[in-house]
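Everything on this sheet refers to the single structure shown next.
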Amino acid sequence: ALKVLQDWLTTHPGDLTVLRYLAETYLSINRTTEAKEVYEKIVGLYPNHVQTLNNLAWLVRDDNRQQAIAYAERAYELQPNNPQVLDTLGMLLLDGADASRGHGLIREAANNVPDNLQIQLHLAQSLLQQQRYSAAKETLRSIIAKAKDDPIAVKANELLTTIP
């Protein structure tokens, strides 16, 4: 499948759909370096593609935090109400850059998509960081009830056991 996508891109190098599919395929097989390269190519061709900016921000967060925040900020400028963008930027800011703003963005994302368990888990992590243990417990218990056997329930349960 990768070869077919790569071959197509030799004659259609700006095909956004195929580029995105290639990046997502790389991600699905844990080839993050190649995924980053494809997302960077997309941003070069389509600098206002919000989903790509958001995905790239998350992928480079450990390698280059400032660049990750810049990508996320750009996505936020373009779509300030997008829950995934709010969540990504919020999580990036939690680690010191602007924790207060990060908490607010994650809260807004969680309010916008209450059924998105990943964002709800991020909200719980944010609440834990703020030492708002009661609210964090409530959020984690809700995730566990909704997720049942999903791996996110396991993560929520692990976090729940760490709350004093």
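The values are calculated or read from the model by the stated rules, or taken from the named source; none is laboratory data. Just so we're clear, the structure is a prediction, and the values are computed from it rather than from any experiment. Don't worry about glycine lacking a Cβ; one is built from the backbone with ideal geometry, like all the others, and counts go over all protein chains shown. Note: accessible area is taken over every heavy atom of the protein model, side chains too, but ligands, DNA and RNA are not part of it. Shrake-Rupley method; radii C 1.70, N 1.55, O 1.52, S 1.80 Å.
Note on Tyr46: accessible area is roughly 80 Å² with a 1.4 Å probe, heavy atoms of protein only. The listed residues Glu158, Glu77 rank as Glu77, Glu158 when sorted by accessible area, largest first, using a 1.4 Å probe.
Rounded to the nearest 500, the helix-only mean residue ellipticity at 222 nm of the chain stands at -24000 deg cm²/dmol, with each DSSP H run of n ≥ 4 adding -39,500 (n - 2.57). For the chain, the Stokes-Einstein estimate of translational diffusion at 4 °C and a viscosity of 1.567 mPa s comes to 77 µm²/s, using the Kirkwood hydrodynamic radius over alpha-carbon pairs. Going 7 Å from the Cα of Glu77 toward and past its Cβ, which residues in region 32-63 have a backbone nitrogen under 11 Å from where you end up? 48, by backbone N distance to the label point.
Can you send over the carbon and sulfur percentage of the accessible area for the chain, probe radius 1.4 Å, protein chains only?
Details: 4340 of 8810 Å².
Ligands and nucleic acids excluded, carbon and sulfur give 49 percent.
From the largest down, region 1-86 spans 35, 23, 20 angstrom on the principal axes of its Cα atoms.
Counting lysine pairs in the chain whose alpha carbons fall under 22 angstrom apart, excluding pairs fewer than 8 residues apart on the same chain, gives 6. Once the chain from Asn112 to Glu158 is taken as fully extended at 0.36 nm per residue, the excess over their C-alpha distance is 14.0 nm. Taking a cut-off of 11 Å, what percent of all Cα-Cα pairs in region 6-47 are separated by more than that? Distances greater than 11 Å cover 60 percent of the Cα pairs.
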